[in-house]
Amino acid sequence: MSRWLFPVTGLALALALAPLSADDAADHAKAKAVVEKAILAAGWEKDTTTAARTWKDKGKFSGGGMTSEYAGEWAFAGPDKYHFTLTMTVGEQKLEFAVIANGDKAWESGLGMSRAVEGEKLDYVKGEVYQMWVLSLVPLVKHEKFHLKPLPEIKIGDAAAVGVEVTRKGKPTVKLYFDAKTDLLVKAAMTVKNEFDGWKDVVDETFLGGWTDAGGGRKAFTTMKVVRGGTTMIETELSETKVLDKIDPKRFAIPDEK
């Protein structure tokens, strides 16, 4: 699947950005250089800021008292559109889910029902879509409204990782970490409210790996693990990742608008 399996609730508190001081500007430039190296390492320098992509994945989800294998299909177009469908089996029952996000609206279906996504859950969906856009990296160096700041180096396993904090007015803060040797993105972290634990604030940590040739000089990650509040929630393998100039807008149409 992806770390965006079950969008459930609101945005983390946003940081309002003030005009940059000289020190802030220097930090921004330093962090921007890290992101630019990561873009080159992944071969994404020719990508557009819409980051239009489709992919499939198969993995395991654990949460809400259940664990299940699943298969999913995904489409994303930045800054604010995505669509996923997934199938999982719980016991002997086959379940199908779908979510569409498009700007300030979202829709979901599952268990024989469909409805508009509203309230805290809508805020959460919008935050998750925003994080997808951030992880595409190119918008961070081409849009002036992103503020980047270096973070202390950490260890991920035995490997050193260089950190960058991403802030934007009215959006949740996202922390990115890049392998110090390969420059590739290996981790992201964002605070969310956890539906499975009384809506408490928890940190979702997303670990990316298995970077491989995706054609056209690009690389793509093929493994993802999401740890929510210290507990593994998603482990998945991605395949058939495609970078597109655009995706048919009908794929992101909210059903009552079709």
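Out of every Cα-Cα pair that the range 85-222 contains, those further apart than 19 angstrom amount to 63 percent. For the range 155-188 versus the range 202-217, the spacing of their alpha-carbon centroids is 12 Å.
So, with a 1.4 angstrom probe, what is the percent of accessible area on the chain that is carbon and sulfur?
51 percent
Projected onto its three principal axes, the C-alpha set of the range 27-131 covers 52, 28, 24 Å, listed from the longest axis down. Given +1 at the Cβ of Lys and Arg, -1 at the Cβ of Asp and Glu and no other charges, the dipole of the chain around its Cα centre is 380 debye to the nearest 20.
Taking each residue as 0.36 nm, the span from A159 to E144 lengthens on full extension beyond its C-alpha to C-alpha distance by 2.3 nm. Each residue of the range 164-176 is assigned a 3J(HN,Hα), and the resulting list reads 9, 9, 10, 10, 7, 4, x, 10, x, 6, 10, 9, 10 Hz, derived from the Karplus form 6.51 cos²θ - 1.76 cosθ + 1.60 (θ = phi - 60°), x at Gly and Pro. Rounded to the nearest 10 degrees, the inclination of helix 22-42 to the longest alpha-carbon principal axis of the chain is 60 degrees. The distance linking the range 222-240 with the range 40-116 is 13 Å (Cα centroid to Cα centroid, whole angstrom). Given their separation in residues at 0.36 nm each and the Cα-Cα distance between them, L95 and K246 gain 51.4 nm when the chain is fully extended.
Roughly how tilted is helix 119-135, in degrees to the nearest 10 and between 0 and 90, from the longest Cα axis of the chain? Roughly 50 degrees between the two axes.
Estimated translational diffusion coefficient (Stokes-Einstein, Kirkwood radius over Cα pairs, 25 °C, 0.890 mPa s) of the range 74-134: 201 µm² per second. Calculation over all alpha carbon pairs of the chain in 5 angstrom steps from 0 returns a P(r) of 1, 6, 13, 18, 21, 18, 13, 7, 3, 1, 0, 0, 0 percent. Cross-linked pairs K46/K121; K46/K193; K37/K200; K169/K242; K58/K149; K46/K181: Cα-Cα separations exceed 32 Å for K46/K121; K46/K193; K37/K200; K58/K149.
The values are calculated or read from the model by the stated rules, or taken from the named source; none is laboratory data. Since the structure is predicted, the reported quantities are computational estimates derived from the model, not experimental observations. All Cβ positions, even for glycine, are placed from backbone atoms using ideal geometry, and neighbour counts span all protein chains on display. What goes into the accessible areas is simple: the full protein's heavy atoms, side chains included, and nothing from ligands, DNA or RNA. Shrake-Rupley method; radii C 1.70, N 1.55, O 1.52, S 1.80 Å.
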